[in-house]
Every structure is written in C-alpha cells, then in structure tokens.
Amino acid sequence: MQLETKPPPVRAAFDLEQLDIPPGNTVQLRNISWEMFENILEALGESYAVRLAYDNGILEFKMPLPKHERGKEIIGDLVKALLEEMDIEFLSLGSTTFKNKNMARGIEPDQCFYIKNEAVIRERTDIDLSQDPPPDLAIEIDNTSDSRTRFNNYQALGVPELWRYDGKVLQINVLQKGKYVESSVSPTFPKLPAIAQTIVRHVLQSKTAGRTAAKKAFIAWVREQL
C-alpha cells in the first residue's frame with residue numbers, strides 16, 4: 001500500500017533574522033515567488049513592524065521611523081473621529097496585508113478603512129482581494145520615504161482612494177480608469193472640500209498642543225461644517 005505524501009513547503013531562500021533594515025530605510029528583494037512571499041508573511045507572524053509590498057516577484061521591506069508612526073496614528077484618529085461624527089459605519093484595518101494571487105500583488109498600507117464596503121467584510125476574518133473588495137481608503141505616510149513606488153500595487157488592487165502625507169501636504173489620489181489622479185476633493189468626504197488642509201493643520205497642532213487637544217479642535221471644526 002502506498003501512502004500519499006505532501007510535498008515539503010516552499011521556504012524562503014534566505015534567513016529573515018539576517019535581514020537587518022535600519023529604521024527609515026527600504027530594501028527590495030527580487031525573484032521572490034508568490035509561495036516565498038506567503039511563507040515570509042507566515043514567518044513574520046502578526047506583530048512585525050516592517051511594511052511589505054509585493055509586485056510580480058519584487059518584495060519590498062520598509063522599516064518606519066517613530067515620526068512615521070506618529071503621523072499614521074494621528075491621521076488615522078482624525079479620520080475615525082470624522083466618520084463617527086458623520087455617523088458612518090466603518091472598519092479600520094491598519095496595516096493589514098492585502099493580496100491577490102492572480103495579480104501577484106500584495107500591499108500593507110500604513111492605515112486603511114472600509115467605509116462603503118464595510119458591511120460586505122464586517123464578519124470576514126480573512127480578506128482575499130481575488131474575491132473581496134479592497135479598502136475604500138488607504139493612507140501612506142511619506143515623511144521618511146517615498147511611497148509612490150507602491151502606487152502600482154494600490155492601482156492594480158483597485159483601491160479607489162489613496163492619501164499620501166509627506167509631512168507637509170496631504171495629497172488625495174482618486175482611481176480613474178485604473179490610474180490615480182490627484183484631486184482637491186475626497187470622494188469619501190465630498191461635503192468637506194477642505195478636508196486635506198484641515199487634517200494637516202491639526203496634525204501640526206498635535207505636535208505643539210498635544211494629540212487630545214488637536215483631536216478635539218478637529219471635531220469642533222467637523223461639527224461646524226456639518
């Protein structure tokens with residue numbers, strides 16, 4: 001009688017513990033198969049700090065600095081406060097790994113939100129972009145590195161709105177015919193045409209007056225507008 005045996009799992013061709021990435025830097029590895037990418041994700045586990053992007057065999061590791069994380073957190077907090085004030089259901093999934101094997105693409109945003117499609121994935125524990133919708137809004141913080149090289153991934157995965165904050169300006173990018181076009185108005189918040197400038201103002205305020213004070217001031221502004 002023959003026993004069926006499963007082939008051994010495909011493993012990464014390098015030791016992750018030897019991959020030393022200084023904060024604020026990025027490293028790209030080439031000729032990484034999809035199986036290797038998934039094994040690297042499994043090896044890293046749930047609580048790693050590095051951000052990953054996979055594009056047809058090219059795997060990018062980005063190690064954020066503390067000021068990068070501060071920007072991510074305060075902008076994320078302001079978006080949450082805005083959605084709550086507008087009484088809109090949403091799901092914030094932070095730096096969740098979004099991937100589509102059929103496209104050989106994967107991305108980990110700095111922050112992301114399901115808003116229009118929140119009800120669709122509300123009960124989902126595993127999201128697969130080959131069958132599930134992408135986040136409605138993704139945010140990239142660029143005060144330590146340039147994320148525009150990652151735009152192709154967001155475009156391919158169909159993320160309809162992408163914000164890019166470089167420490168001075170919050171740029172709104174809207175997906176049109178498969179390409180991002182810069183816009184002065186957020187499709188997610190069309191009734192608030194000054195949302196980008198206002199968020200930047202309160203991010204800067206958080207550095208002097210504190211995070212709580214900036215958030216309260218932002219909420220007061222939102223209530224005035226609505």
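The values are calculated or read from the model by the stated rules, or taken from the named source; none is laboratory data. The model shown is predicted, which means the values in this text are computed figures rather than measured ones. Don't worry about glycine lacking a Cβ; one is built from the backbone with ideal geometry, like all the others, and counts go over all protein chains shown. Accessible surface is based on the protein model in full, side chains and every heavy atom, while ligands, DNA and RNA are left aside. Shrake-Rupley method; radii C 1.70, N 1.55, O 1.52, S 1.80 Å.
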Nitroxide proxy distance, nm - points 7 Å out along Cα→Cβ at Ile21 and Asn56: 2.2 nm
Accessible area per residue, Å², region 60-130 with all protein chains present, probe 1.4 Å: 47 Å²
Per the helix-only model, the chain has a calculated mean residue ellipticity at 222 nm (DSSP H runs of ≥4, -39500 (n - 2.57) each, divided over all residues, rounded to the nearest 500) of -9500 deg cm²/dmol
Compute the acute angle (0 to 90°) between the alpha-carbon long axis of helix 195-208 and the principal axis of greatest extent of the alpha-carbon atoms of the chain; round to the nearest 10°. 90 degrees
Counting only protein heavy atoms and leaving out ligands, DNA and RNA, the solvent-accessible surface of Asp87 at a 1.4 Å probe, in Å² to the nearest 10, equals 140 Å²
Degrees, to the nearest 10: 211-225 long Cα axis against longest axis of the chain: 60 degrees
Got a number for carbon plus sulfur as a percent of the chain's accessible area, 1.4 Å probe? 48 percent
Which of the lysines could a cross-linker span from Lys80 if the Cα-Cα distance has to be under 16 Å and same-chain partners fewer than 8 positions apart are dropped? Lys72, Lys116, Lys215, Lys216
Region 95-121 residues near the modelled Lys191 label - backbone nitrogen below 16 Å, point 7 Å along Cα→Cβ: 116
Accessible surface ranking that places the most exposed of Ser147, Ser33 first, with a 1.4 angstrom probe: Ser33, Ser147
Rounded to 10°, Cα long-axis angle of helix 34-44 versus longest principal axis of the chain: 70 degrees
Rg and Dmax of the chain, using alpha carbons, in Å: what are they? 19.0, 77
Out of Gln131, Phe151, Thr97, whose Cα points farthest toward the positive end of the dipole of the chain (charges: +1 Lys, Arg; -1 Asp, Glu; placed on Cβ)? Phe151
Using only Cα atoms, locate the centre of region 99-118 and the centre of region 47-66, then give the distance between them in Å, rounded to an integer. 14 Å
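How far, in nm, would the chain grow between Thr212 and Leu65 when pulled straight, counting 0.36 nm per residue and subtracting the alpha carbon separation?
Net length gain for the segment: 50.7 nm.
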For Arg70, the accessible surface traced by a 1.4 Å probe with all protein chains present amounts, in square angstrom to the nearest 10, to 150 Å²
Taking 0.36 nm per intervening residue step and subtracting the Cα-Cα distance, what contour gain separates Lys177 from Gln225 on full extension? 14.1 nm
Can you tell me, using C-alpha contacts under 8 Å and at least 6 residues apart, the relative contact order of region 56-118 as a whole percent? 32 percent
